[in-house]
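Following: one structure in C-alpha coordinates, then a few remarks.
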Amino acid sequence: MYRSWPLIAALMLVAALRFAHHHRQAAAKTADQTQTKPNILILCTGNSARSQMSEGFFRHYVGDRFNVLSAGMKPAARVNPFAIQAMNELGIDISGHQPKHANEFLRKLPIEYLITVCASADSECPAVIERVPHRMAWPFDDPAAIQGTDEEKLAGFRRIRDEIHERIKT
(Lines give C-alpha, C1' and ligand atoms only; values in the text may rest on other atoms or scores of the structure.)
Protein backbone atom coordinates (compact mmCIF):
# COMPACT_ATOMS: atom_id res chain seq x y z
CA MET A 1 0.00 0.00 0.00
CA TYR A 2 2.75 2.48 0.91
CA ARG A 3 4.49 1.79 -2.40
CA SER A 4 1.52 3.34 -4.26
CA TRP A 5 1.84 6.75 -2.53
CA PRO A 6 4.46 8.07 -4.99
CA LEU A 7 2.25 6.98 -7.88
CA ILE A 8 -0.80 8.68 -6.36
CA ALA A 9 1.19 11.85 -5.70
CA ALA A 10 2.47 11.87 -9.29
CA LEU A 11 -1.06 11.38 -10.67
CA MET A 12 -2.36 14.20 -8.48
CA LEU A 13 0.44 16.48 -9.71
CA VAL A 14 -0.36 15.68 -13.35
CA ALA A 15 -4.05 16.35 -12.75
CA ALA A 16 -3.25 19.68 -11.05
CA LEU A 17 -0.96 20.72 -13.91
CA ARG A 18 -3.62 19.83 -16.51
CA PHE A 19 -6.23 21.82 -14.58
CA ALA A 20 -3.92 24.84 -14.31
CA HIS A 21 -3.06 24.65 -18.03
CA HIS A 22 -6.75 24.46 -19.00
CA HIS A 23 -7.61 27.36 -16.66
CA ARG A 24 -4.81 29.53 -18.15
CA GLN A 25 -5.98 28.74 -21.70
CA ALA A 26 -9.58 29.68 -20.86
CA ALA A 27 -8.47 32.94 -19.20
CA ALA A 28 -6.25 33.83 -22.18
CA LYS A 29 -9.10 33.13 -24.61
CA THR A 30 -11.41 35.45 -22.62
CA ALA A 31 -8.75 38.17 -22.52
CA ASP A 32 -8.20 37.87 -26.28
CA GLN A 33 -11.92 38.20 -26.95
CA THR A 34 -12.28 41.40 -24.91
CA GLN A 35 -9.18 42.92 -26.48
CA THR A 36 -10.49 42.32 -30.00
CA LYS A 37 -13.47 44.59 -29.42
CA PRO A 38 -12.68 48.27 -30.13
CA ASN A 39 -13.00 50.68 -27.20
CA ILE A 40 -15.41 53.60 -27.29
CA LEU A 41 -14.75 56.25 -24.63
CA ILE A 42 -17.46 58.82 -23.96
CA LEU A 43 -16.02 61.80 -22.16
CA CYS A 44 -17.73 64.58 -20.22
CA THR A 45 -16.83 66.87 -17.38
CA GLY A 46 -18.58 65.16 -14.45
CA ASN A 47 -19.44 61.73 -15.88
CA SER A 48 -22.75 61.91 -14.03
CA ALA A 49 -25.38 62.49 -16.73
CA ARG A 50 -24.66 63.00 -20.47
CA SER A 51 -21.79 60.54 -20.72
CA GLN A 52 -23.57 57.99 -18.53
CA MET A 53 -26.74 58.16 -20.64
CA SER A 54 -24.61 57.89 -23.79
CA GLU A 55 -22.82 54.86 -22.38
CA GLY A 56 -26.17 53.26 -21.61
CA PHE A 57 -27.41 53.77 -25.17
CA PHE A 58 -24.18 52.58 -26.77
CA ARG A 59 -24.09 49.46 -24.58
CA HIS A 60 -27.72 48.80 -25.49
CA TYR A 61 -27.14 49.10 -29.23
CA VAL A 62 -23.54 47.96 -29.84
CA GLY A 63 -22.28 46.50 -26.55
CA ASP A 64 -21.80 43.12 -28.21
CA ARG A 65 -19.33 44.61 -30.71
CA PHE A 66 -17.62 47.37 -28.70
CA ASN A 67 -16.27 47.90 -25.19
CA VAL A 68 -18.19 51.01 -24.15
CA LEU A 69 -16.64 53.21 -21.46
CA SER A 70 -17.44 56.62 -20.05
CA ALA A 71 -15.41 58.96 -17.90
CA GLY A 72 -15.08 62.54 -16.75
CA MET A 73 -12.34 65.10 -16.47
CA LYS A 74 -13.67 66.01 -12.99
CA PRO A 75 -15.94 63.11 -12.05
CA ALA A 76 -18.90 63.65 -9.74
CA ALA A 77 -19.50 61.54 -6.66
CA ARG A 78 -22.43 59.65 -8.21
CA VAL A 79 -24.55 59.30 -11.31
CA ASN A 80 -27.33 61.88 -11.30
CA PRO A 81 -30.61 60.24 -10.17
CA PHE A 82 -32.53 62.11 -12.89
CA ALA A 83 -30.27 60.50 -15.52
CA ILE A 84 -30.98 57.08 -14.03
CA GLN A 85 -34.73 57.76 -13.99
CA ALA A 86 -34.80 59.13 -17.56
CA MET A 87 -32.95 56.07 -18.89
CA ASN A 88 -35.12 53.66 -16.90
CA GLU A 89 -38.13 55.11 -18.70
CA LEU A 90 -36.68 53.64 -21.90
CA GLY A 91 -35.81 50.33 -20.28
CA ILE A 92 -32.07 51.00 -19.96
CA ASP A 93 -30.68 50.55 -16.45
CA ILE A 94 -27.65 52.68 -15.61
CA SER A 95 -28.17 52.53 -11.85
CA GLY A 96 -25.04 50.39 -11.45
CA HIS A 97 -22.81 52.89 -13.25
CA GLN A 98 -20.22 54.92 -11.32
CA PRO A 99 -18.47 58.13 -12.36
CA LYS A 100 -14.86 57.48 -13.35
CA HIS A 101 -11.89 59.71 -14.09
CA ALA A 102 -10.61 59.79 -17.67
CA ASN A 103 -7.17 58.75 -16.42
CA GLU A 104 -8.57 55.29 -15.65
CA PHE A 105 -8.65 54.67 -19.42
CA LEU A 106 -6.37 57.16 -21.14
CA ARG A 107 -2.84 55.89 -21.77
CA LYS A 108 -3.97 52.50 -20.42
CA LEU A 109 -6.31 51.26 -23.15
CA PRO A 110 -6.26 51.71 -26.89
CA ILE A 111 -9.20 54.04 -27.54
CA GLU A 112 -10.53 53.69 -31.07
CA TYR A 113 -13.44 56.13 -30.73
CA LEU A 114 -13.64 59.15 -28.46
CA ILE A 115 -16.88 61.06 -28.13
CA THR A 116 -16.98 64.20 -26.02
CA VAL A 117 -20.51 65.11 -25.02
CA CYS A 118 -19.83 68.56 -23.59
CA ALA A 119 -17.84 71.53 -24.82
CA SER A 120 -15.64 71.81 -21.73
CA ALA A 121 -14.50 68.17 -21.91
CA ASP A 122 -13.62 68.67 -25.56
CA SER A 123 -11.46 71.68 -24.74
CA GLU A 124 -9.91 70.02 -21.65
CA CYS A 125 -8.90 66.81 -23.43
CA PRO A 126 -5.26 66.02 -22.85
CA ALA A 127 -2.90 65.93 -25.80
CA VAL A 128 -2.78 62.12 -25.73
CA ILE A 129 -6.36 62.06 -26.99
CA GLU A 130 -5.20 63.68 -30.20
CA ARG A 131 -3.86 60.26 -31.16
CA VAL A 132 -7.33 58.65 -31.03
CA PRO A 133 -8.21 57.54 -34.57
CA HIS A 134 -11.86 58.62 -34.44
CA ARG A 135 -12.76 61.67 -32.37
CA MET A 136 -16.19 63.30 -32.31
CA ALA A 137 -17.53 66.30 -30.41
CA TRP A 138 -21.21 66.13 -29.58
CA PRO A 139 -21.77 69.09 -27.24
CA PHE A 140 -25.09 68.60 -25.45
CA ASP A 141 -26.50 71.02 -22.89
CA ASP A 142 -25.83 70.08 -19.27
CA PRO A 143 -29.10 68.76 -17.82
CA ALA A 144 -27.69 69.04 -14.29
CA ALA A 145 -27.63 72.83 -14.71
CA ILE A 146 -31.40 73.01 -15.15
CA GLN A 147 -33.12 74.91 -12.35
CA GLY A 148 -36.70 74.41 -11.20
CA THR A 149 -38.92 71.76 -9.70
CA ASP A 150 -38.01 68.08 -9.83
CA GLU A 151 -40.49 67.65 -12.71
CA GLU A 152 -38.87 70.51 -14.64
CA LYS A 153 -35.42 69.03 -14.03
CA LEU A 154 -36.59 65.57 -15.13
CA ALA A 155 -38.09 67.13 -18.27
CA GLY A 156 -34.68 68.63 -19.04
CA PHE A 157 -32.99 65.27 -18.56
CA ARG A 158 -35.56 63.66 -20.86
CA ARG A 159 -34.87 66.28 -23.53
CA ILE A 160 -31.10 65.72 -23.39
CA ARG A 161 -31.60 61.94 -23.24
CA ASP A 162 -33.71 62.11 -26.39
CA GLU A 163 -31.14 64.31 -28.16
CA ILE A 164 -28.39 61.83 -27.28
CA HIS A 165 -30.55 58.94 -28.43
CA GLU A 166 -31.26 60.59 -31.78
CA ARG A 167 -27.58 61.37 -32.33
CA ILE A 168 -26.55 57.78 -31.60
CA LYS A 169 -29.23 56.33 -33.86
CA THR A 170 -28.11 58.44 -36.85
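Report the residue count in segment 119-135 for those that are surrounded by fewer than 14 Cβ atoms within 10 Å (Cβ to Cβ) and either at pLDDT 95 or above or not in a helix (DSSP H, G or I) (or both).
In the first step, residues of segment 119-135 are kept if they are surrounded by fewer than 14 Cβ atoms within 10 Å (Cβ to Cβ); the result is 123, 126-128, 130-131, 133-134.
Retained after the next criterion (residues that are either at pLDDT 95 or above or not in a helix (DSSP H, G or I) (or both)): 126, 133-134.
Total meeting the criteria: 3.
Of all residues in segment 139-165, how many are part of a loop (DSSP other than H, G, I, E, B), in contact (Cβ under 8 Å) with a residue 12 or more places away in the chain and either over 24 Å from the mean Cα position of the chain (by Cα) or surrounded by fewer than 17 Cβ atoms within 10 Å (Cβ to Cβ) (or both)? Please lay out each step first, then the result.
Just the residues of segment 139-165 that are part of a loop (DSSP other than H, G, I, E, B), to begin with: 139-142, 146-149.
Going one step further and asking which of them are in contact (Cβ under 8 Å) with a residue 12 or more places away in the chain, we end up with 139-142.
Now restrict to residues that are either over 24 Å from the mean Cα position of the chain (by Cα) or surrounded by fewer than 17 Cβ atoms within 10 Å (Cβ to Cβ) (or both): 139, 141.
The total comes to 2.
Which of (1) in a helix (DSSP H, G or I); (2) under 13 Å from the mean Cα position of the chain (by Cα); (3) among the aliphatic types (A, V, I, L, M) is the odd one out, the single condition LEU106 does not satisfy?
Status for LEU106: all satisfied but (1).
Going through segment 49-95 one residue at a time, which ones are more than 21 Å from GLU166 (Cβ to Cβ), open to solvent by less than 20 Å² (accessible area, probe 1.4 Å) and modelled with pLDDT of 95 or more?
Those that are more than 21 Å from GLU166 (Cβ to Cβ), open to solvent by less than 20 Å² (accessible area, probe 1.4 Å) and modelled with pLDDT of 95 or more: ALA71, VAL79.
Among the numbered criteria (1) under 25 Å from PRO38 (Cα atoms); (2) within 19 Å of the chain's Cα centre (by Cα); (3) β-branched (Val, Ile, Thr), which single criterion is violated by THR170?
All conditions pass for THR170, except number (2).
Would you be able to tell me the number of residues in segment 48-96 that are in contact (Cβ under 8 Å) with a residue 12 or more places away in the chain, out of contact with any helix residue (DSSP H, G or I) (no Cβ under 8 Å at 6 or more places or on another chain), assigned to a loop (DSSP other than H, G, I, E, B) and over 16 Å from ASP142 (Cα atoms)?
Count: 2.
The values are calculated or read from the model by the stated rules, or taken from the named source; none is laboratory data. Being a predicted model, the structure only gives us computed values, none of them experimental. Glycine gets a Cβ as well: all are built from the backbone with ideal geometry, and neighbour counts include every protein chain shown. Side chains are part of the model used for accessible areas, which takes the heavy atoms of the whole protein and leaves out ligands, DNA and RNA. Shrake-Rupley method; radii C 1.70, N 1.55, O 1.52, S 1.80 Å.
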